[in-house]
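Novice: Next up is a structure, given as structure tokens.
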Amino acid sequence: MTNRHNHHNFIVRRVFAIYATFVPNVFNLFPIVFAFVAPSRQFGRSSFHSQPKLLMSASVDSKVDHVVIAGAGIVGTTTAYFLAMRYDVRVTLVDPTGSIAPAASGKAGGFLAKDWNDNSPTEALTRRSFDLHQQLADELGANTIQYRRLTCAAVSVDPFSSRRPNGKKLSTVEWAQHDDLAQNTVRGMQPLGDESTIAQVHPKRLCEELWKAAKKQVGGNSLRQGSVIGAVHDDESGRLQGAKLGDGSLLECDALLFACGPWTAPSMMQGVKYHSVVIPTSRVLSQCVFFSGCGDPEVYVRPDQTAYCTGFPEAAVVVDEQPGEESIREDKLQTILESVRDASGISGTGDGVLSQEPVLGQACYLPTSIDGIPVMGRIPEQLGCYVAAGHGCWGILLGPATGEAMANLIVNGSSIPNVNMEVFNPTRFATPWNIPTAAAAALIKK
Ligand SMILES: Cc1cc2nc3c(=O)[nH]c(=O)nc-3n(C[C@H](O)[C@H](O)[C@H](O)COP(=O)(O)OP(=O)(O)OC[C@H]3O[C@@H](n4cnc5c(N)ncnc54)[C@H](O)[C@@H]3O)c2cc1C
């Protein structure tokens, strides 16, 4: 049995207030304080030094016809989408893998919550993005991107305790309905949202469809295999000439966006490695579950009769594995699988809604900035260069509003309605910006 206190899982970061009420435990509260209070305090301190001339709403450097975006994850593809649909601006998307969403954006859960970031620096961006997800589903086709509204619950489990909730509560735990064995493990249940505030999308499909739509809108849009290793500026005017690629070539452009997730800038960006498994479910479920107990696995059920299961994060590191080539450890996959089976009361029985063998096992890095808040805006002292990264466990949710904001900023220097982007300003970091030389330094050899 895995000890839940060893793991800072998503739920403590996502549902801190509700969770604290549900499982009032000092060990569970520590990461909450770390994730929400400490970062915002750090941000408050460093923002004191920010320079007004570099703020998000500064005007653009020149007319923008062609943008190079480094990174084909959710941030890169949403920005490409809004550049194409709103402004007819041509984009060259550059990714070392030559494919769309090879890293976290293709391997995430795709869980979306409208109000779980309220009272945090990302509240307005989250609410805007939640609404944009619905609009994108309408435009791209909800079935195509597996978008749907659903419910969510925190379920406390303990296979060894005899304390049980009453039948009424049990009947609201969807996966445990009609299953005595599963019901035996349930000790408590707390609804975390319904169809008005909870949704989900298939992240990889979303990224692929966004890029497909952007290409259809602007004929010259292209995806190029390669690594952006820096920006080249004119010595005299300081104007951006283009993106320097790992093969030594120069890709001319009017603006360059670094959207390289955890590979963006080692001085202020790290990655937290997660493994995940996808298992077929015996029926279509529509209630995502954050388990408390048995290692705290998270189960995001999907409309294609599968369940995406994850948990057990590793320590944050400067990522040195290459995107799309993240090593997968069988023992880590097995740990997730066993914790889901223990939590859902089916361990050893081979019977139950979550008991089937996985069809997919994978690993990827969650991108996180050193103060836990996304980094978005102009890169200081580098004309025409922008960054958008560090969205932590909410990158899929925040993707659309991020893409919209970055497209507006790049083309006309504006932001998006009712969202104060200044809280994400890269200038809050005192460390020198080393994106041009250090972005994905590990990839230069490619
Ligand atoms: C297990 C797990 C589950 C998650 N579940 C959810 C969820 O349910 N809901 C949610 O909202 N969020 C979720 N997230 C978070 C979300 O997946 C991330 O925040 C988001 O995908 C980050 O997107 P990104 O585009 O910034 O980075 P990435 O997806 O990491 O993309 C970065 C891209 O940059 C490319 N790149 C790297 N170096 C270079 C270079 N030098 N030049 C060009 N390209 C380069 C990489 O190949 C990669 O394609 C989850 C994350 C994890 C790890």
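Novice: Once amide H atoms are placed 1.01 Å from N in the peptide plane, what residues at a sequence separation of 5 or more from SER227, or on another chain, have their amide H within under 5 Å of its amide H?
Specialist: For SER227, whose amide H was placed from the backbone, the distant partners under 5 Å are GLY246, ASP247.
Novice: If Lys and Arg each add +1 and Asp and Glu each add -1, what is the summed charge of the other residues whose beta carbon sits under 10 Å from the beta carbon of GLY377?
Specialist: With Lys, Arg at +1 and Asp, Glu at -1, the neighbours total +1.
Novice: Which whole-number percent gives the relative contact order of the stretch 61-113, counting Cα pairs below 8 Å spaced six or more residues apart?
Specialist: Computed over the stretch 61-113, the figure is 41 percent.
Novice: Skipping prolines and chain starts, which residues have an amide H placed within reach, meaning under 5 Å, of the one on ALA154, given they are 5 or more residues away or on another chain?
Specialist: Residues meeting the criterion, in which the H sits 1.01 Å from N, are GLN190, LEU192, PHE290.
Novice: Where does each of 198-207, 94-103 land if you order them by average Cβ count within 10 Å, highest first?
Specialist: 198-207, 94-103
Novice: Where does each of 311-318, 111-118, 254-261 land if you order them by average Cβ count within 10 Å, highest first?
Specialist: 254-261, 111-118, 311-318
Novice: Here's a follow-up. At 7 Å along Cα-to-Cβ for each site, give me the label-to-label distance between GLN135 and GLN305 in nm.
Specialist: The answer from the label model is 3.6 nm.
Novice: Another question, then. Please compute the length gained on full extension between ASN412 and LEU360, using 0.36 nm multiplied by the number of residues separating them and subtracting their Cα-Cα distance.
Specialist: 14.4 nm
Novice: Report the relative contact order of the stretch 242-313, percent, no decimals, based on alpha-carbon pairs under 8 angstrom and at least 6 residues apart.
Specialist: After rounding, I find 25 percent.
Novice: What length, rounded to one decimal in nm, is gained on full extension from ARG86 through to ASP235, with 0.36 nm per residue of separation minus their alpha-carbon distance?
Specialist: 50.4 nm
Novice: Using the charge dipole of the stretch 183-232 (Lys, Arg: +1 at Cβ; Asp, Glu: -1 at Cβ; taken about the Cα centre), state which of GLN190, GLY219, PRO203 has its Cα farthest towards the positive end.
Specialist: Going by the charge dipole, the pick is GLY219.
Novice: If packing is taken as the mean number of other Cβ atoms within 10 Å per residue, what is the order of 72-84, 283-295, 395-407, highest first?
Specialist: 72-84, 395-407, 283-295
Novice: Still on this structure: For labels at ARG283 and PHE160 in the simple 7 Å Cα→Cβ model, what's the distance in nm?
Specialist: Distance between label points: 3.2 nm.
Novice: Would you kindly state how much longer the chain becomes between VAL317 and ARG329 on full extension, computed as 0.36 nm times their sequence separation minus their alpha carbon distance, in nm to one decimal?
Specialist: 2.6 nm
Laboratory data are not the source of any read-out in this text; all were calculated from the coordinates shown. Bear in mind the structure is a predicted one, so any value in this text is a computation, not a measurement. All Cβ positions, glycine included, derive from the backbone under ideal geometry; neighbour counts span all protein chains shown.
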